[in-house]
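Here is the structure we will look at.
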Amino acid sequence: MITLKSEKELVYMRDAGRVVAGAHQELAKAVKPGITTAELDRLAEDFILAKGARPAFKGLYGFPATICVSPNEQVVHGIPGLRVLENGDIISIDIGSEINGYFGDSAVTLPVGEITAGAAKLLEVTESALYTGIEKAVDGNRLSDISHTVQKYVESSGFSVVRDYVGHGIGSSMHEEPQVPNFGRPGRGPRLKAGMTLAIEPMVNMGTHEVRTLPDNWTVVTRDLKLSAHFEHTIAITAHEPEILTRL
Ligand code: MG
Ligand code: MG
């Protein structure tokens, strides 16, 4: 069932979203060659707790950390650890927080030092794909209008969209109905209504869209080990423009 949020619930979701956005801002300052992914995780956890929020990924389905960090060929769900970021890497960082029982979820892929022109294009296309999808998140459209727009944008730029992982409804749980795929024909799925809150999150691969999971049972990598990027916002559908909740 897709729930419509009241204005009071949206206030809590804005709070959770602002904490996620603030944590991203902190990590963006810290990402540089030489830092470990575990250090980034600690920074994010300290920030979220200092804001009176809870790191929402920690313990979710058994995930062991506050953030998902997925460098280079890793798509999503990478676990923070001793890996040291190197010049030329790209690093996807996904952060979730919870306040007063409501959730925010947002991801970004950052360059580490100097990256190749191809990698820079992948980041730019993935972020733009997210915003083209958000533009379709308006009252009266169908859910798959978002999906179709994202896929069309990504593929016309020469990249591919991941099929095996998708966006989702979000609110008083991290993952609610409906699923929000980044591919598909337009005009399908539920009618979008003011009060729906969605996490829209294109995962874009430089090569094949196919992915596999490493033996740690978390880390998802591209099958061809080419680069992957991930951008995500939690948004609310309103009577007017979509409202991005995970933004300062
Ligand atoms: Mg996320
Ligand atoms: Mg998400």
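Against the conditions (1) out of contact with any strand residue (DSSP E or B) (no Cβ under 7 Å at 6 or more places or on another chain); (2) surrounded by fewer than 19 Cβ atoms within 10 Å (Cβ to Cβ); (3) of a type in the set (G, A, S), S144 satisfies every one except (2).
Could you please let me know if I99 is over 20 Å from P178 (Cβ atoms) and in contact with an Asp or Glu (Cβ under 7 Å, 6 or more places away or on another chain)? Judged against the criteria, I99 is a match.
Consider K136 carefully, then state whether it is closer than 16 Å to E243 by Cα, among the basic types (K, R), surrounded by fewer than 24 Cβ atoms within 10 Å (Cβ to Cβ) and more than 14 Å from ligand 2 (Cβ to nearest atom). Spell out the reasoning first.
Details: closer than 16 Å to E243 by Cα: yes; among the basic types (K, R): yes; surrounded by fewer than 24 Cβ atoms within 10 Å (Cβ to Cβ): yes; more than 14 Å from ligand 2 (Cβ to nearest atom): yes.
For K136, the condition - closer than 16 Å to E243 by Cα, among the basic types (K, R), surrounded by fewer than 24 Cβ atoms within 10 Å (Cβ to Cβ) and more than 14 Å from ligand 2 (Cβ to nearest atom) - is met.
Figure legend. Inter-residue proximity from the stretch 122-151: first residues closer than 17 Å to P190 by Cα and without any contact (Cβ under 8 Å) to a residue 40 or more places away in the chain, second residues among the acidic types (D, E) and surrounded by 21 or more Cβ atoms within 10 Å (Cβ to Cβ), beta-carbon distance below 6 Å, spacing 6+ or different chains. Indicated pairs: K136/D145. Looking only at residues of the stretch 163-210 that are in a loop (DSSP other than H, G, I, E, B) and within 10 Å of ligand 2 (Cβ to nearest atom), we find that the one that is surrounded by the most Cβ atoms within 10 Å (Cβ to Cβ) is I170.
For the subset of the stretch 230-247 comprising residues that are assigned to a loop (DSSP other than H, G, I, E, B) and of a type in the set (V, I, T), which member is farthest from V154 (Cα to Cα)?
Restricting attention to the stretch 230-247, the residues satisfying the condition of being assigned to a loop (DSSP other than H, G, I, E, B) are 231, 237-242, 245-247.
Those still in the list that are of a type in the set (V, I, T) too: 237-238, 246.
Working: I237: 23, T238: 26, T246: 22 Å.
Per the criteria, the residue is T238.
How about the stretch 212-229: which of its residues are out of contact with any Ser or Thr (no Cβ under 6 Å at 6 or more places or on another chain) and either touching a residue at least 12 places away in the same chain (Cβ under 8 Å) or part of a strand (DSSP E or B) (or both)?
As a first pass, look at the stretch 212-229 and keep what is out of contact with any Ser or Thr (no Cβ under 6 Å at 6 or more places or on another chain): 212-219, 221, 225-227.
Passing the criteria: R212, T213, D216, W218, T219, V221, L225, K226, L227.
G78 meets the conditions (1) within 20 Å of P64 (Cα to Cα); (2) surrounded by fewer than 22 Cβ atoms within 10 Å (Cβ to Cβ) in every case but one. The failed one is (2).
When we screen A56, A65 for residues that are crowded, with 24+ Cβ neighbours inside 10 Å, hydrophobic (A, V, I, L, M, F, W, C), within 16 Å of ligand 2 (Cβ to nearest atom) and closer than 17 Å to A23 by Cβ, the only hit is A56.
All told, A229 meets the bar of being within 16 Å of ligand 1 (Cβ to nearest atom), of a type in the set (A, V, I, L, M, F, W, C) and within 22 Å of A120 (Cβ to Cβ).
Would you pick out the residues in the stretch 18-64 that are under 16 Å from I99 (Cβ atoms), of a type in the set (F, W, Y) and part of a loop (DSSP other than H, G, I, E, B)? Residue satisfying the conditions is F57 alone.
Just so you know, all these numbers are worked out from the coordinates, no wet-lab data involved. Please read these numbers as outputs of a predicted model, since none were measured by experiment. Every residue, glycine as well, gets a Cβ built from its backbone with ideal geometry; the counts of neighbours run over all protein chains shown.
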